[in-house]
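Encoded as structure tokens, the structure appears first; notes follow it.
The values are calculated or read from the model by the stated rules, or taken from the named source; none is laboratory data. Since the structure is predicted, the reported quantities are computational estimates derived from the model, not experimental observations. All Cβ positions, even for glycine, are placed from backbone atoms using ideal geometry, and neighbour counts span all protein chains on display. Each accessible area value is taken on the protein alone, full model and side chains, heavy atoms only, with ligands, DNA and RNA left out. Shrake-Rupley method; radii C 1.70, N 1.55, O 1.52, S 1.80 Å.
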Amino acid sequence: MSAPATVGVLGGGRMGAGIAHAFAVAGARVVVVERDAEAAEAARERMRRSLARAVELHPSLSADALAAAVRTGVDFGLFADCELVVEAVFEDRAVKTQALLDVEAVLAPEAVLASNTSSISIDALAARLRRPGRFLGLHFFNPVPASSLVEIVIGAATEPELEARARDWVAALGKTPIVVRDSPGFASSRLGVALALEAIRMVEEQVASPADIDAAMEQGYRHPLGPLRTTDIVGLDVRLGIAEELHRTLGARFEPPQLLRRMVADGHLGRKSGRGFYEWSQT
């Protein structure tokens with residue numbers, strides 16, 4: 001049981017940097033590719049801070065070895081030698097489809113391509129790929145270094161042997177794999193968004209405060225975090241994108257509340273913007 005020797009991550013934002021972090025700590029050589037030099041530098045700094053925290057928490061890790069294991073750039077050709085590449089770009093079907101096509105064009109035939117999508121159909125994303133059998137979903141959770149779950153999503157064309165390999169890779173990261181067949185929202189997003197949307201409607205209807213709604217789930221049902229604080233951490237814009245995708249595929253029960261749309265339009269995106277259902281420090 002071991003992580004892939006060489007891993008690529010497309011997109012160095014919070015999720016992509018977290019995925020790169022997890023594989024680097026597990027011993028893989030990792031390359032992160034961004035859209036331009038400025039974004040690549042931001043990803044490099046994000047990784048530097050993240051890995052420094054890992055060394056503080058786990059002194060057995062070598063800061064020099066981790067720094068040497070991760071590099072960033074803007075050239076898709078950096079993925080050519082990767083055993084696995086994980087796409088972690090914006091949650092939009094057209095954006096992800098083009099990104100996957102661009103990555104697949106430089107991969108070796110035996111390499112595995114994965115998407116970190118939280119709601120978009122793996123079969124839909126695979127439809128234009130030349131090698132859909134080498135494609136699956138690896139849905140990580142934010143923040144990746146601290147999260148213990150990875151959802152492995154198997155498409156209709158995914159080669160059967162990839163399920164076992166993906167399970168081993170996730171276990172090598174010290175995380176728990178669950179396997180789901182391709183379905184709108186998979187398991188985690190479908191359940192998580194359903195709870196979050198109802199909590200947002202309760203705020204909209206002034207049933208209770210965000211803190212009291214969260215406390216109901218934390219204290220009454222032993223959820224580690226309530227649905228509104230979790231939404232702030234995930235990002236209200238991310239929640240809205242997932243809800244819109246599920247509304248399109250599963251119908252009215254996933255229609256986004258107007259409060260969610262209004263907060264996103266006003267830039268209140270949760271922790272990353274400093275304000276959502278709660279106030280967040282930006283230090």
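From the residues in segment 230-283 that are basic (Lys, Arg) and farther than 21 Å from residue 14 by Cα, which one is surrounded by the most Cβ atoms within 10 Å (Cβ to Cβ)?
Step by step, filter segment 230-283, then rank; the result is 261.
Within segment 121-173, which residues are small (Gly, Ala, Ser), part of a strand (DSSP E or B) and open to solvent by 10 Å² or more (accessible area, probe 1.4 Å)?
none
Could you tell me which of the residues 246, 197 is within 19 Å of the chain's Cα centre (by Cα), closer than 20 Å to residue 91 by Cα and touching a residue at least 24 places away in the same chain (Cβ under 8 Å)?
Exactly one residue qualifies, and that residue is 246.
Among the numbered conditions (1) over 26 Å from residue 105 (Cα atoms); (2) of a type outside the set (Gly, Ala, Ser); (3) touching a helix residue (DSSP H, G or I) at 6+ places or on another chain (Cβ under 8 Å), tell me where residue 21 comes up short.
(1)
Residues in segment 73-86: is at least one over 18 Å from the mean Cα position of the chain (by Cα) and surrounded by 21 or more Cβ atoms within 10 Å (Cβ to Cβ)?
Yes, the conditions are met somewhere in segment 73-86.
Yes or no: residue 46 more than 21 Å from residue 129 (Cα to Cα), open to solvent by 40 Å² or more (accessible area, probe 1.4 Å) and either modelled with pLDDT of 95 or more or among the polar types (S, T, N, Q) (or both)?
no
What single numbered condition from (1) in contact with a strand residue (DSSP E or B) (Cβ under 8 Å, 6 or more places away or on another chain); (2) at pLDDT 95 or above; (3) surrounded by 14 or more Cβ atoms within 10 Å (Cβ to Cβ) fails to hold for residue 194?
The number of the failed condition is (1).
Go through segment 89-100 and count every residue that is of a type in the set (A, V, I, L, M, F, W, C) and open to solvent by 20 Å² or more (accessible area, probe 1.4 Å).
4
Pick out the one residue from 155, 137 that is closer than 22 Å to residue 33 by Cβ and without any contact (Cβ under 8 Å) to a residue 60 or more places away in the chain.
Matching residue, one of 155, 137: 137.
Taking residue 103 as meeting all but one of (1) part of a helix (DSSP H, G or I); (2) open to solvent by 10 Å² or more (accessible area, probe 1.4 Å), write down the number of the exception.
(2)
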